[in-house]
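First up is the structure itself, then whatever we jot down about it.
The values are calculated or read from the model by the stated rules, or taken from the named source; none is laboratory data. Bear in mind the structure is a predicted one, so any value in this text is a computation, not a measurement. Note: ideal-geometry Cβ built from the backbone for every residue, glycine included; neighbour counts use all protein chains shown. Keep in mind that these areas ignore ligands, DNA and RNA; they rest on the heavy atoms of the full protein, side chains included. Shrake-Rupley method; radii C 1.70, N 1.55, O 1.52, S 1.80 Å.
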Amino acid sequence: AVEKELDALLEQQNTIESKMVTLHRMGPSLQLIEGDAKQLAGMITFTCSLAENVSSKVRQLDLAKNRLYQAIQRADDILDLKFCMDGVQTALRNEDYEQAAAHIHRYLCLDKSVIELSRQGKEGSMIDANLKLLQEAEQRLKAIVAEKFAIATKEGDLPQVGGTWGLNGKAMMFTNKDTT
C-alpha cells in the first residue's frame with residue numbers, strides 16, 4: 001500500500017515539477033500585477049480626493065451664485081424704488097394721477113424683505129428718504145383723489161365722477177397694503 005502511494009506520487013512528479021516551474025515563472029508577473037494594483041489604488045485615492053475638492057468648489061460656486069443673484073435682486077429693487085419715486089413725483093407734477101397711482105402700486109409690490117435688507121446697507125439713508133417720499137406721495141395722491149371725487153360728485157359731473165372713481169379705486173387698492 002505504501003509502495004502504491006509512492007508510485008502514484010512519483011508518477012505525478014513531472015506534473016508537479018512543471019507546475020512548480022510555471023509558478024516560478026509567474027512570480028515576476030505577479031509582482032508586476034501587485035505593483036500595478038498598488039498604483040491603481042493610489043490613483044483611485046487621488047481621484048476620490050480630487051472629486052471631493054471639485055465638489056467643494058461647486059458648492060462654493062453655488063453659494064457665490066446665490067449671493068450674486070440676491071445682490072442683483074437687491075440692486076433691481078433699489079432701482080425700481082428709485083424709478084417709482086421719480087415716476088410718482090413727475091406724474092404728480094404733471095397732474096397725471098393715474099400714472100402716479102401706478103407707480104405707487106408698483107412700489108407697494110416690491111419685495112419688502114429685500115427693501116429692508118437694503119435699508120441696512122450703505123444706501124440705507126437714501127432708501128429711507130425714497131420710502132418717505134413715496135409714502136408722502138401716496139398720502140398726497142389719496143387726498144387729491146378724494147378731493148377731486150368730492151368736487152365731481154358735488155357738481156354732478158358724471159364723467160369726472162367715473163374717472164375719479166376709477167382713479168379712486170386704484171388709489172384705494174393700496175390702502176390695505178403695508179407701506180413699510
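Miscellaneous remarks
- Stokes-Einstein D in µm²/s, Kirkwood radius over Cα pairs - the range 17-147 at 20 °C with 1.002 mPa s viscosity: 105 µm²/s
- Trypsin sites (Lys or Arg not before Pro) within the range 108-155: DSSP coil, no more than 14 neighbouring Cβ in 10 Å: 122
- Accessible area in square angstrom per residue, the range 36-129, 1.4 angstrom probe: 69 Å²
- Split the accessible area of the range 8-153 by element, probe 1.4 Å, and carbon with sulfur accounts for 60%.
- Relative contact order (percent, whole number), the range 8-153, Cα cutoff 8 Å, 6+ residue spacing: 20 percent
- Charge tally around residue 51: other residues with Cβ under 15 Å, Lys/Arg +1 each, Asp/Glu -1 each, net +1.
- Top positive-direction residue, dipole computed over the range 1-139 with Cβ charges, set 20, 125, 89: 125
- All other residues whose Cβ lies under 15 angstrom from that of residue 18 are scored, Lys and Arg at +1 and Asp and Glu at -1, for a net of 0.
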